[in-house]
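Below is one structure, written out as structure tokens; comments come after it.
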Amino acid sequence: MKLLIVDDSSVVRRAIERDLSSGEITEVDQAENGEEAVRLYSLKRHDVITLDITMPKMDGLTCLDKILQINPAARVLIISALRDRATAIDAIKRGASGFLCKPINADELREAFQLLLSD
Amino acid sequence: MKDEDIQVFITCARRYFHSIDPSSPLVIEPPFVKNRVEPFLEYTGIISISGRARGVVCFTTNSDLLRQILAELHDEPKDENAIRDLAGEIANTLSGNAREEFGKNFLITVPVVVTGQNFDFPFPDNARNYVVPLVWRNQHAYLLVCLE
């Protein structure tokens, strides 16, 4: 399984990779903005994407739209500090598979990830 | 910004530090108001705010506190980049979480991270600057909220 982690914070990217590292995941790529994420996704079609929203160059919701244009079945878990209900609903309406609010802990992340895989 | 709004940011700070280590309480000392944005410690993450409010939210602290958080995250900083990055991420998380109360029109930028006390940043000059002193594991930090 290929995982793409998209966040402008390298600390967050490494934390997500550590928390999700398991036998299921065979390959991990990281991107620090939406533009890089779209480029990587179009090349490698990752099975699951974790996606921040507030990022330079291209924000996460625009990135989500572009990834879903490439593959409408892409599984995208939004992980964002934006804690308002409207943003979460907007992300889900656009096609995100799930939404987690930062700060997150490893258990929450693993649970959301497993839900995503079983969906 | 009303005085009671500062409680929103205090709640966000409590939530953040509780997520890092529930057994290490965050001590909030009484907030106060200054006539300009300060004080600054070693590392400061700055988020500019627009939309429903205009101004900045800053998180400033020293490297020791940031290193302790990185250790809790099992992240070993090999260089200064991780420390800088974390200062910005904390500022981003506290500001973004405030949208739970202020709504989606409380617009936040990506963080700018500065070091030390001598730097140029276009802080607003006509807003009240709230200073919230934080103490976590005997390490000091300040949450600076300056919103029109």
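Applying the criteria of a DSSP loop state and at most 13 other Cβ atoms within 10 Å to the chymotrypsin sites (Phe, Trp or Tyr not before Pro) of region B:91-144 yields B:F119. Helices assigned as whole DSSP H runs in chain B whose Cα atoms extend at least 20 Å along their own long axis and whose mean Kyte-Doolittle hydropathy is -1.0 or higher are found at B:6-20, B:80-97. A simple spin-label model places the labels of B:V27 and B:N62 1.4 nm from each other, with each point 7 Å out along Cα-to-Cβ. Summarising the overall dimensions of region B:1-125 from its C-alpha atoms, the Rg and Dmax are 14.5, 42 angstrom. Each Cα pair under 8 Å and six or more residues apart adds its sequence gap; the mean of these over the residue count of chain B is a relative contact order of 38 percent. Is the protein assembly as shown rounded, prolate or oblate when judged by the Cα gyration tensor, a ≥ b ≥ c being the square roots of its eigenvalues, rounded requiring a/c under 1.5 and prolate requiring a/b larger than b/c? Cα axes put the protein assembly as shown in the prolate bin.
Computed on chain A, with alpha-carbon pairs under 8 angstrom and 6+ residues apart, the relative contact order is 23 percent. In terms of the Cα gyration tensor, with a ≥ b ≥ c the square roots of its eigenvalues, is region B:8-80 rounded because a/c is under 1.5, prolate because a/b exceeds b/c, or oblate? Since a/c reaches 1.5 and a/b is larger than b/c, the shape of region B:8-80 is classed as prolate.
Its DSSP H runs of at least 4 residues, each contributing -39,500 (n - 2.57), put the calculated 222 nm mean residue ellipticity of the protein assembly as shown at -12000 deg cm²/dmol, to the nearest 500.
In terms of distances greater than 23 angstrom between alpha carbons, the cross-link table entries B:K2/B:K34; A:K66/A:K93; A:K2/B:K104; A:K102/B:K34 yield A:K2/B:K104; A:K102/B:K34.
By a 1.4 Å probe calculation restricted to protein chains, B:T44 has an accessible surface near 0 Å², given to the nearest 10. Other residues whose C-beta falls under 12 angstrom from the C-beta of B:W136 contribute a net charge of -2, scoring Lys and Arg +1 and Asp and Glu -1. Across chain A, the convex hull enclosing all Cα atoms gives 89 Å³ per residue. Partners of B:K78 within straight-line reach, counting aspartates and glutamates whose Cα lies under 16 Å from its Cα and excluding those fewer than 8 residues away in the same chain: B:D64. Of the GluC sites (Glu not before Pro) in region A:1-96, the ones in a loop by DSSP (not H, G, I, E or B) with at most 13 other beta carbons within 10 Å are A:E24.
Measuring between their Cα centroids, region A:1-57 and region B:1-69 lie 28 Å from each other.
The values are calculated or read from the model by the stated rules, or taken from the named source; none is laboratory data. Because the structure is predicted, anything quoted here is derived from the model rather than measured. With ideal geometry, Cβ positions are generated from the backbone for all residues, glycine too; neighbour counts draw on all protein chains shown. Ligands, DNA and RNA are excluded from the accessible area calculation, which covers all protein heavy atoms including side chains. Shrake-Rupley method; radii C 1.70, N 1.55, O 1.52, S 1.80 Å.
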